[in-house]
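Below is one structure, written out as structure tokens; comments come after it.
The values are calculated or read from the model by the stated rules, or taken from the named source; none is laboratory data. Note that the coordinates shown come from a computational prediction; the quantities given were computed from them, not determined experimentally. Cβ placement follows ideal geometry from the backbone for every residue including glycine, while neighbour counts extend to all protein chains displayed.
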Amino acid sequence: MVHDYPFGEIEVGDRARYSKRVTEADIFAFAEVTGDFNPLHIDQDAAAAGFFKQRVAHGLFTASLISTVLGTTLPGAGTIYLSKEINFKAPAFIGDTLTVEVEVLEKKENKHILVMGTRVINQSGRLLIDGRATVMKP
């Protein structure tokens with residue numbers, strides 16, 4: 001379900017969340033769409049020999065879940081991404097449940113712009129991504 005909050009109803013401090021379990025199918029679909037077939041993501045043997053010892057989700061797959069919240073929940077339908085700051089803190093693995101949390105940090109009335117705090121955590125509460133997104137809500 002997609003929400004559509006009018007700009008005038010959005011307040012600093014408003015929050016929203018979204019959770020998704022990472023599946024092997026997600027990893028292969030993301031690789032197909034982007035062309036990123038790095039063995040770290042798709043080859044168990046190669047990943048086992050690497051730094052994380054197992055396959056990891058693409059960092060931008062994990063970060064793209066932030067867009068899900070912004071475009072469907074808060075601020076909702078019609079939201080336009082202007083910029084995104086992403087700080088990768090830890091990887092996501094197949095089987096992890098990721099929770100995206102966004103919070104309105106600033107509201108610029110004259111341009112209908114919102115600055116959103118963004119973060120992604122796993123099922124253990126480990127911070128995987130933090131950052132900010134600047135969006136326009138016409």
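Below is a table of values for the structure above.
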{"read-out": "Hits in the range 29-84 (condition: over 25 Å from Q123 (Cβ atoms) and among the charged types (D, E, K, R))", "value": "E32, D45"}
{"read-out": "Qualifying positions in the range 80-133 - out of contact with any Asp or Glu (no Cβ under 8 Å at 6 or more places or on another chain), buried (at least 16 other Cβ atoms within 10 Å of the Cβ) and among the hydroxyl-bearing types (S, T, Y)", "value": "T99"}
{"read-out": "Some residue of the range 27-42 being in contact (Cβ under 8 Å) with a residue 60 or more places away in the chain and either outside any loop (DSSP other than H, G, I, E, B) or closer than 16 Å to G95 by Cβ (or both)", "value": "yes"}
{"read-out": "Single residue of the range 1-31 satisfying the filter (under 30 Å from N110 (Cα atoms) and hydrophobic (A, V, I, L, M, F, W, C)) that is surrounded by the fewest Cβ atoms within 10 Å (Cβ to Cβ)", "value": "M1"}
{"read-out": "Top-ranked residue of the range 107-122 - restricted to ones that are within 13 Å of M136 (Cβ to Cβ) and part of a strand (DSSP E or B), ranked as nearest to the chain's Cα centre (by Cα)", "value": "M116"}
{"read-out": "A133 vs. criteria touching a Leu at 6+ places or on another chain (Cβ under 8 Å) and in contact (Cβ under 8 Å) with a residue 40 or more places away in the chain", "value": "yes"}
{"read-out": "So L60, is it of a type outside the set (D, E) and touching a Lys or Arg at 6+ places or on another chain (Cβ under 9 Å)", "value": "no"}
{"read-out": "Qualifying position, being surrounded by fewer than 20 Cβ atoms within 10 Å (Cβ to Cβ) and of a type in the set (S, T, N, Q), among T34, T62", "value": "T34"}
{"read-out": "Given (1) without any contact (Cβ under 8 Å) to a residue 40 or more places away in the chain; (2) within 18 Å of L128 (Cβ to Cβ); (3) in contact with a His (Cβ under 7 Å, 6 or more places away or on another chain), number of the condition S67 does not satisfy", "value": "(3)"}
{"read-out": "Condition check for V100: modelled with pLDDT of 95 or more, closer than 26 Å to E24 by Cα, of a type outside the set (S, T, N, Q) and assigned to a strand (DSSP E or B)", "value": "yes"}
{"read-out": "Every residue from the range 78-102 that is over 12 Å from V135 (Cβ atoms) and either hydrophobic (A, V, I, L, M, F, W, C) or under 9 Å from the mean Cα position of the chain (by Cα) (or both)", "value": "I86, F88, A90, A92, F93, I94, L98, T99, V100, E101"}
